[in-house]
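Visitor: Take a look at this one; I'll ask things after.
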Amino acid sequence: MSATISRATVVGGHDGRAEIEIELTYDNGGVSTIALDEDACTVSLDAAGVGSIEELVGRAWTVVLPALERRGEQPLRTPSSPPPFPSDSR
């Protein structure tokens, strides 16, 4: 099972800096959200050849992996382990 980026939005972070909120939609209808800081997201955008966050919508979730790896994080869910319920937005 795979996940696709269904939304990418600039939001205010807890420290007052901009963050990019990425919504992932799984094949089974499940949805989850991750937040990336501006610097980390730039790494993903550059690696994917994306000029704006709007261009992320419709792409595989793996385009944001460079940002997660830069922060030293492992994704909580992989495309093979979607949220258990379609309405799960945790």
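Visitor: Taking the Cβ of residue 52 as the center, what net charge do the other residues with Cβ under 13 Å away carry, scoring Lys and Arg +1 and Asp and Glu -1?
Guide: Counting the neighbours of residue 52, the net charge comes to -2.
Visitor: Rounded to the nearest 10 Å², what accessible area does residue 59 show when all protein chains are kept and the probe is 1.4 Å?
Guide: Near enough 80 Å² of accessible area.
Visitor: Taking the Cβ of residue 4 as the center, what net charge do the other residues with Cβ under 11 Å away carry, scoring Lys and Arg +1 and Asp and Glu -1?
Guide: With Lys, Arg at +1 and Asp, Glu at -1, the net is 0.
Visitor: Going by a ≥ b ≥ c, the root eigenvalues of the Cα gyration tensor, does segment 4-62 fall in the rounded group (a/c under 1.5), the prolate group (a/b larger than b/c) or the oblate group?
Guide: Since a/c reaches 1.5 but b/c is at least a/b, the shape of segment 4-62 is classed as oblate.
Visitor: Here is a follow-up. Quick one: what are the phi-derived ³J(HN,Hα) couplings along segment 44-61, Karplus 6.51/-1.76/1.60 with θ = phi - 60°, whole Hz, x for glycine and proline?
Guide: Using θ = phi - 60°, the values come out as 5, 4, 5, 4, 8, x, 9, x, 8, 5, 4, 6, 6, 4, x, 8, 4, 4 Hz.
Visitor: Order 10, 63 by their accessible area, 1.4 angstrom probe, all chains in place, largest first.
Guide: 10, 63
The values are calculated or read from the model by the stated rules, or taken from the named source; none is laboratory data. Here the structure is a predicted model, which means the values were calculated and not measured. No Cβ is skipped: glycine too gets one built from the backbone with ideal geometry, and neighbour counts run over all protein chains shown. Note: areas computed on protein heavy atoms with side chains; ligands, DNA, RNA excluded. Shrake-Rupley method; radii C 1.70, N 1.55, O 1.52, S 1.80 Å.
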